[in-house]
Amino acid sequence: MKTTTLLVIEARHAEIPSFASDLQKKGFDVQIAQNGIQAVARLKEVSPSLVVINAASLRSTGLRICQSIREKDSKLPIILILENDNEVNKDAADAILALPFTVQKLVNRIKPLLPGDGKNVLHVGPIRLDLEKRRVRCLGKSTKLTPRLVTLLNLLMEKHGEVVEREPLFKKAWETNYTGDTRTLDVHISWLRRAIELDPGNPKLLKTIRGVGYRLDI
């Protein structure tokens with residue numbers, strides 16, 4: 001089972017509880033940002049499954065941070081922690097918790113919002129592929145994929161760092177022994193690049209190895 005990555009936005013205040021270390025103890029991969037600007041900048045790097053905004057520790061409603069994150073990734077689940085749950089619009093986040101509460105209550109709110117149950121989500125580097133929902137999240141983008149693209153990306157992720165030759169890749173993804181015309185593979189690779197690359201025309205993750213095949217570099 002892959003570790004779920006959370007982006008926790010919080011500042012340190014003696015009178016406001018910190019949740020980052022407790023969430024780590026619960027088995028999550030916790031990445032921390034100390035403010036909204038830092039959090040938005042780290043979305044591409046971290047590619048989290050969920051964001052926790054400890055607005056109480058930031059002495060704010062967290063509304064602007066929610067809006068900034070939504071602009072970058074409208075599908076990314078957000079949990080907002082406040083001192084008073086009456087001070088912000090209920091639609092600002094997917095879940096709002098008012099202090100005080102236990103870490104277990106926070107975990108109970110996190111789990112239903114995660115994109116999959118763990119066994120159906122593949123996570124390699126910044127790429128998170130939800131096999132059940134056929135959605136890939138990478139570098140701040142969330143894209144719905146066709147079944148063929150899911151199969152193709154799954155194969156490349158399983159062999160990440162290795163060169164996957166064109167013909168074997170085509171045979172597995174298309175479930176055929178015919179490899180007379182694999183140009184459709186190139187088209188599908190270009191579609192995958194649109195989903196996972198910041199600049200599909202200058203790919204940094206999904207590389208073409210001329211005369212051989214493709215390699216997913218993480």
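Can you name every residue in the range 139-163 that is of a type in the set (Val, Ile, Thr) and within 11 Å of residue 206 (Cα to Cα)? Of everything in the range 139-163, just one residue is of a type in the set (Val, Ile, Thr) and within 11 Å of residue 206 (Cα to Cα), namely 163. Highlighted here are the helices (runs of 4 or more DSSP H) found entirely within the range 1-101 that include at least 3 residues which are hydrophobic (A, V, I, L, M, F, W, C): 36-46, 55-58, 63-72. Selection of first residues in the range 189-217 that are aromatic (Phe, Trp, Tyr) and of second residues that are assigned to a strand (DSSP E or B), restricted to Cβ pairs under 9 Å at least 6 apart or on distinct chains, gives the following pairs, ordered by first then second residue: 214/163; 214/164; 214/165; 214/206; 214/207; 214/208.
For the condition crowded, with 16+ Cβ neighbours inside 10 Å, aliphatic (A, V, I, L, M) and touching a Gly at 6+ places or on another chain (Cβ under 8 Å), residue 55 qualifies. Here is a check on your reading of the model: is residue 47 in contact with a helix residue (DSSP H, G or I) (Cβ under 7 Å, 6 or more places away or on another chain), polar (S, T, N, Q) and either touching a residue at least 24 places away in the same chain (Cβ under 8 Å) or within 25 Å of residue 128 (Cβ to Cβ) (or both)? For residue 47, the condition - in contact with a helix residue (DSSP H, G or I) (Cβ under 7 Å, 6 or more places away or on another chain), polar (S, T, N, Q) and either touching a residue at least 24 places away in the same chain (Cβ under 8 Å) or within 25 Å of residue 128 (Cβ to Cβ) (or both) - is not met. The residues of the range 76-91 that are buried (at least 18 other Cβ atoms within 10 Å of the Cβ) and either modelled with pLDDT under 80 or charged (D, E, K, R) (or both) amount to a single one, 88. Apart from one condition, residue 73 fits all of (1) under 29 Å from residue 125 (Cα atoms); (2) modelled with pLDDT of 90 or more; (3) touching a helix residue (DSSP H, G or I) at 6+ places or on another chain (Cβ under 7 Å); (4) crowded, with 18+ Cβ neighbours inside 10 Å; the exception is (2). Of the candidates 106, 169, 129, the single residue that is assigned by TED's automatic domain parsing to the domain that holds residue 63 and either among the hydrophobic types (A, V, I, L, M, F, W, C) or within 17 Å of residue 207 (Cβ to Cβ) (or both) is 106.
The values are calculated or read from the model by the stated rules, or taken from the named source; none is laboratory data. Small disclaimer: the values here were computed from a predicted structure and weren't measured. Ideal geometry is used to build each Cβ from the backbone, glycine not excepted, and the neighbour counts take in all protein chains shown.
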